[in-house]
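Okay, structure first, notes after.
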């Protein structure tokens, strides 16, 4: 069985079990206790789940999700079998706590396993399919619970849940063979790296859980008011989950992929609080609680779940194992407890206007969530950059190769020799005669002197760039005349009548300049008809920006240069021939893009695309897809992804 098939099947079984277990839990509790006890039960369930979170996190950190998850599924099935033997009220209490301890914890462990099985880019492409399996499982689970509601007892539903956990323990086994060990070592000097990102994730989970707790109470109060403690409660909850399962499957099929592609990962997470905000404003009708909880449940299980799980893919395995379950379940239960406390407070202060005050509370929580989504987007991009740099540095020292400035060999000729005493005019005439003589020994003797090159001599040195035996010495000499002669070099660079070899080498000579005029000239050269000139100009801009980051670089002009390069080389890329010219062309485009989105990270990503490391390549693809402008990404992506 393939990894994708095993993941999809396991997701379907786990979510089906969770839906059946939740419907059974709610029906058992509300048929045995008054609905006013529900907030207290939510708080107790949150406390029990925190213990389960600590145990699961420590176990996964010590033994990995691949070893822990099948064992935990077996333990859950055994406990459900024991609960089947209890009395009605005891069964209702223990089952409620069991679902709180194992339900979300096992789902979180399953997604932790997937985060280690797929790289970020692959996960983004497959997440919709795997989550679709979970959605289908939720639909089947709701239909099964609905059909069995009138044909069997609530007690028997516990055995059905136990059987599904045993099935999941079997279907998850093929995933263990696809795991990739984390190759990113810990960074002792950056132990707090990404901590703010994790805090933002925890805060979002907490606020979303508070909203869901309020909505769960409103739904439970609506069901209790209509059906009392009759067996029809199970049918109500089963039908509710079945209908939301169908709608979730539709949303998963038609919305999730589009949201991830067009909005990105973090903004797709924001679809849930936006839905909660809109649904809250129209939820004051007779079936408002059903509409509110149903719409948010659909988005939560489709778009939100797929995007939320992708937020963990850039986090190193060691940190993810230690914190993911805490965030997924611990902070979710903490938020549920806070939400239950808020419900109790509202019941005590304004029981008659509960619907209105709860709606205002949901509006406020939704606005807070939308603010957190913005922080998550920035943190997600930053985490991708950190992971990209860490993996490159750890594997093959690519980071040092790319970020270290190449030393030109012509810097070896900087000997401190003075010109012989003479008048300035005579000296210039003498040197110009030497430079025009064609005598290699005499020219070399002058070019290897370190004295700054007179501006009047720059025009005589530029033609020497055409000679392969003197070009390096001439480049070194030209760089000693930058302070007053950069304009002449820029003019030579932009002159189409000048030989190509000279223009290309002038661009290289400008690499060590610190003048704004040099940078502006190189940016203008990015639109040159000759690719060699554009290529060298881009590399020189990188060097100047690294040396003097305060120089102004127009974003508009860079974007125009990228679009010009894509149009100029589109025909070459469409051949799909992996020639040096094609690689240079793509490398040049990524050099230009690095001016827009962080010099090192984008260039690292471009190098990573040519490696055989699937994890490194996937991280690079996801980073680029996240940060590139839509217009550029649409034109570039067919060639980059290939």
Neighbour-count order for 241, 564, 552, 222, fewest beta carbons within 10 angstrom listed first = 552, 564, 222, 241
Name the shape class, rounded, prolate or oblate, that the alpha-carbon gyration tensor gives for the range 492-616, where a ≥ b ≥ c are the square roots of its eigenvalues, rounded holds for a/c under 1.5, and otherwise prolate holds if a/b is larger than b/c and oblate otherwise.
-> oblate
Relative contact order %, the chain, counting alpha carbon pairs below 8 Å whose residues are six or more apart | 16 percent
To the nearest 0.05, how large is the calculated FRET efficiency for residue 371 and residue 34 if R₀ is 30 Å and r is the Cβ-Cβ distance?
-> 0.20
Please give the length that would be gained between residue 125 and residue 612 if that part of the chain were fully extended, namely 0.36 nm times their separation in residues minus their C-alpha to C-alpha distance (nm, one decimal).
-> 173.4 nm
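For residue 67 and residue 532, what does the FRET efficiency come to when R0 = 56 Å and r is the distance between their Cβ atoms, rounded to the nearest 0.05?
E(calc), rounded to 0.05, equals 0.50.
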Acute angle (nearest 10 degrees) that the helix 500-509 long axis makes with the longest principal axis of the chain, alpha-carbon atoms = 70 degrees
With labels modelled as points extended 7 Å from the Cα through the Cβ direction, what inter-label distance (nm, one decimal) is found for residue 583 paired with residue 439?
-> 4.5 nm
Determine the shape class of the range 440-509: with a ≥ b ≥ c the square roots of the Cα gyration tensor eigenvalues, call it rounded for a/c under 1.5, and otherwise prolate if a/b is greater than b/c, oblate otherwise.
-> oblate
What distance in nm separates the simple spin-label points at residue 353 and residue 550, each placed 7 Å from Cα in the Cβ direction?
-> 5.9 nm
Expected sort for 96, 623 with the fewest Cβ neighbours (10 Å cutoff) up front is 96, 623
Which semi-axes, in whole Å and largest first, does the equivalent ellipsoid of the chain have when worked out from the alpha carbon gyration tensor as the square roots of 5 times its eigenvalues?
-> 66, 23, 20
Take the alpha carbon atoms of the range 491-564, find their center, do the same for the range 298-377, and report the distance between the two centers in whole angstrom.
-> 50 Å
Please determine, in degrees from 0 to 90 and to the nearest 10, the orientation of helix 331-349 with respect to the longest principal axis defined by the Cα atoms of the chain, where the helix direction is its Cα long axis.
-> 50 degrees
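What FRET efficiency comes out for residue 166 versus residue 287 if R0 is 25 angstrom and r is the Cβ-Cβ distance? Round to the nearest 0.05.
For residue 166 and residue 287, the calculated efficiency is 0.10.
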Determine the equivalent ellipsoid of the range 1-147 by diagonalising the alpha-carbon gyration tensor, then write out the semi-axes as square roots of 5 times the eigenvalues, largest first, rounded to whole Å.
-> 29, 18, 13
To the nearest 10 degrees, the tilt of helix 354-396 (Cα long axis) against the first principal axis of the alpha carbons of the chain is 40 degrees
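Can you tell me how the range 554-642 classifies by the Cα gyration tensor, rounded, prolate or oblate, using a/c under 1.5 as the rounded cut?
oblate
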For the chain, what does -39500 (n - 2.57) per DSSP helix run (n ≥ 4), summed and divided by total residues, give at 222 nm, in deg cm²/dmol to the nearest 500?
-> -24500 deg cm²/dmol
Can you pull the semi-axes for the range 1-49, root of five times each eigenvalue of the Cα gyration tensor, sorted largest first, whole Å?
-> 32, 13, 5
Which value in nm describes the separation of the simple spin-label points at residue 84 and residue 637, placed 7 Å from the Cα toward the beta carbon?
-> 4.9 nm
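Each value in this text was obtained by applying a stated rule to the coordinates, not by laboratory testing. These numbers come from a predicted model, not from an experiment. We place every Cβ from the backbone using ideal geometry, glycine too, and count neighbours over all the protein chains shown.
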